Amino acid sequence: MIRCFESERPAFKLDTGRSTYIFAILPTGQPEHLYYGPRIEAASAEELAPLYEKHAFAPGNTVLYDQEHPEYSLEDMCLEFSALGKGDIREPFIELAYKDGGRTADFTYESYSITDEKPAIEGLPSAYSEDGKAEHLTVVFRDKQYGAALELHYTVLGECICRHAVLKNETEDDIRVDRLLSLMLDLPRAAEPYAVTSFTGAWTREMHRTTTLLGAGKLVIESRAGCSSNRANPFFIVHDRHATEAFGSCYAFNLLYSGNHYACAEVSAFGKLRVANGINPQGFSWRLGKGESLASPEAVMSFSPDGFSGISENMHFFVREHVVRGRWKNKPRPVLLNSWEACYFKISESGLVSLAKAGKKLGIELFVMDDGWFGERNDDKRSLGDWFVNEKKLPNGVKGLADRITALGMDFGIWVEPEMVNVDSELYRRRPDWAMAIPGRPHSEGRNQRLLDLANPEVQDHIIAQMSELFASAKISYVKWDFNRIFSDAFSPYLPPERQGETAHRYVLGLYRVMDALTKRFPDILFEGCASGGNRFDLGILSYFPQIWASDNTDALSRAYIQEGYSYGYPQSVLGCHISSCPNHQTLRDTPLDTRFNVAAFGLLGYEYDLRDLNGEKSRKLTEQIETYKRWREVLQFGKFLRGRSGNLHEWTCVSKDGRRAVGMILNELTELNDPNETYFPRGLDPNRRYRFYNVERKINIKRFGSLINTTAPFRVRQDSIVHNVIDKVVKMPGETEDCTASGAALMAGVKLKQAFSSTGYSEQVRFFADYFSRLYFMEAVEEGGE
């Protein structure tokens, strides 16, 4: 609910179901932020009086906004936005340069409007409501000296508030815009310093969670990579320093944008915390002509008093209900097999069909042909941009292969990287001016490729036409859309020299135009975003593609941390998670097949595996995995994900929407000797409902015990000998089982598991829990009197 309290100082109150956001107009005309926290009720402006900061005289060595208000220095106010020049020397929201060289922007309150419809943002994705209804507040400010208008936009969706700004040039001259952010929030001085949790990393180690205590100074979270980047995801949390999963005030922030982003948390000289985010101003400059407007990307913020789990619940709901859209929004995603780690560039029609047949036998639903099918693409040095089939590899074309795959009863998918071009390609030889590069200067390449200039509408049209022709040429049900390098020598041959500061943003606008056109033209295709894994994992991409490949790293232990990192701000229904062979191709680590499945199951399951090489035992295991996943798919993809412990032991729970079914996991990194007792703590169950809690028994290969076999064998067995291998094929050790029925309250108090092996004996009452081992536990509601 949004309302305005009309008074001498208009005040605006925005309510979600559990939070309230309030700001009011200062006597000087700027918007003062008053409150963001647990929901409070107020029927009039007078009831807001306790929230106003009291000022009689401005602090020393500060600047008065004007002589009529000696009590106000903007440097010591909590504001909704700020500009340079009028005394606020903290991080600005907007930076302009007018024709006369003036850089002071003096925007003061002019008007407001409240509607029940959320306007679209020109050229940019934005959150939406399924029924088209959403309360929306627009507050207009005008530069008193020059006449430009600044609109602040607010929309309440679920437990989140969306914000963006629109600058309108209503002057007679051009304005140079050097900065236009999306959100600014000033929080009052706290009893203890605020903490900021951000998610940084690199290729194959995305979403590393880092918490920084911010007692003074400024923390910057940014990307200058041209994309949202794996270096610093745009999602971050500001919170109480003592916040836990279940307790503590948390403020979450994210951005519906896929390009260079910027966020900062700055502590002022007076202890106030300023949070600001939006397009990265580094390298950004936009010439705004008379009568033109410029919109910032949409930012989203949410508050929860219930710790990190509370804020994750808010953000998961927001992404699922108000960002992801289209026919795949709530549709269960298929189990897929991707050809990459089985074939790399060495693909052929016969080889792909044999791989697909192996997958079909195990229950795979979708087969995806990855890189290497087009042009002269035998490595990563050539043919990007030449989207015609390599007939030596696929003599019957994409259609011929797709027909053979679909005849097996599987869907067919394909890999593309439309935004890129190799210098060694027909496209580049024909149109070198379509690549981003500074004319006549050496270009620094990444992965032997260059970016096409998506700031150029002609390039956009070319990509739309080429991809449309490809997607319509066969029965294509899925597209993996890759983006395998960051920006360098960013320059658009299409734009004049004086507008090169617009290149990076215009690239993103062009990308959104391409994605919008293709997803509307092919609404039944399941698109998955990819950027060397998670190099462009953001809400902008998710506004068009309902899922994103989380990381090129498929190692189960690495993925446990990566997926935990994503889980703070993104639901598991958008995470591509695959099982691969071992030793893992990225880490060379060997982890149990069960653990690889148990981690990947908490997302959108797929396999990157040469299934043609499986022995009978592995085939049976994978078949069981896929059957288990399908049985619990609705819970694992769309249930409520809750984190427990993390570190040497990882603990997750996923609960169905109705609370009747749940899946839990514990994962052990390194075993502690003679520490046999462990407790699994499920979360999110109905405390008053009774559940059956159980696991599926797993037989243990006797070779796992090494030479300990000789403690029970009637004859000596040499470890790893032929005899040892034969015994291993026919003799399996029993695994422990857990099976009990209890209330949700009792289970959440902690399920004490059967003891782990501690070198004193083994039976079916002992849990084999070596390094990198894990367990899945299942919880199903039982009717009264039932078991």
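Observations on the structure shown:
- Tally, over the range 100-117, of residues that are open to solvent by 40 Å² or more (accessible area, probe 1.4 Å) and either among the acidic types (D, E) or within 30 Å of K133 (Cα to Cα) (or both): 10
- Among (1) farther than 23 Å from T653 by Cβ; (2) in a loop (DSSP other than H, G, I, E, B); (3) touching a residue at least 40 places away in the same chain (Cβ under 8 Å), the one test that Y772 misses: (1)
- Residue list for the range 638-676, filter: crowded, with 22+ Cβ neighbours inside 10 Å and farther than 28 Å from A770 by Cα: G639
- Just one of the listed residues (R179, R163, R205) is in contact with a Gly (Cβ under 9 Å, 6 or more places away or on another chain) and either more than 26 Å from G446 (Cα to Cα) or open to solvent by 10 Å² or more (accessible area, probe 1.4 Å) (or both), and it is R179.
- Residue ranges of helices (runs of 4 or more DSSP H) in the range 531-612 with at least 1 members among the acidic types (D, E): 556-567, 593-600
- The range 27-140 holds strands (runs of 3 or more DSSP E) entirely within its bounds, and those carrying 1 or more residues that are without any contact (Cβ under 8 Å) to a residue 24 or more places away in the chain and β-branched (V, I, T) map to 107-115.
- Members of the range 16-43 that are at pLDDT below 95 and open to solvent by less than 30 Å² (accessible area, probe 1.4 Å): A42
- Cross-chain or 6+ apart pairs with Cβ under 7 Å, the range 706-723 first and open to solvent by 100 Å² or more (accessible area, probe 1.4 Å), then polar (S, T, N, Q): R716/N710
- Selection count where residues are assigned to a loop (DSSP other than H, G, I, E, B), of a type outside the set (D, E) and either modelled with pLDDT under 95 or out of contact with any Gly (no Cβ under 6 Å at 6 or more places or on another chain) (or both), scope the range 418-433: 4
- Identity of the residue in the range 396-425, closer than 17 Å to G372 by Cβ and among the charged types (D, E, K, R), that ends up most open to solvent (accessible area, probe 1.4 Å): D424
- Neighbours by Cβ (under 6 Å, 6+ apart or cross-chain): first from the range 678-696, of a type in the set (D, E); second open to solvent by less than 60 Å² (accessible area, probe 1.4 Å) and part of a loop (DSSP other than H, G, I, E, B): E678/L753; D686/G659
Conditions (1) aliphatic (A, V, I, L, M); (2) touching a Leu at 6+ places or on another chain (Cβ under 7 Å); (3) within 23 Å of R39 (Cα to Cα), marked per residue:
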residue	(1), (2), (3)
F107	no, yes, no
E110	no, no, no
S129	no, yes, yes
F141	no, yes, no
A148	yes, yes, no
E159	no, no, yes
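- Residue in the range 322-343 that is of a type in the set (K, R) and farther than 30 Å from Y128 by Cβ present: no
- Listed by first and then second residue, the pairs with beta-carbon distance under 6 Å, at least 6 apart or on different chains, first residue in the range 309-338 and within 20 Å of I414 (Cα to Cα) and modelled with pLDDT of 95 or more, second in a helix (DSSP H, G or I) and open to solvent by 10 Å² or more (accessible area, probe 1.4 Å), are P332/R633.
- A120 fulfils the conditions (1) within 20 Å of L255 (Cβ to Cβ); (2) open to solvent by 50 Å² or more (accessible area, probe 1.4 Å); (3) in contact with a Lys or Arg (Cβ under 8 Å, 6 or more places away or on another chain); (4) not acidic (D, E) except for a single criterion, (3).
The values are calculated or read from the model by the stated rules, or taken from the named source; none is laboratory data. Being a predicted model, the structure only gives us computed values, none of them experimental. Cβ: placed from backbone, ideal geometry, glycine included. Neighbour counts: every protein chain shown. When the accessible area is computed, the model is the full protein with side chains, heavy atoms only, and any ligands, DNA or RNA have been set aside. Shrake-Rupley method; radii C 1.70, N 1.55, O 1.52, S 1.80 Å.
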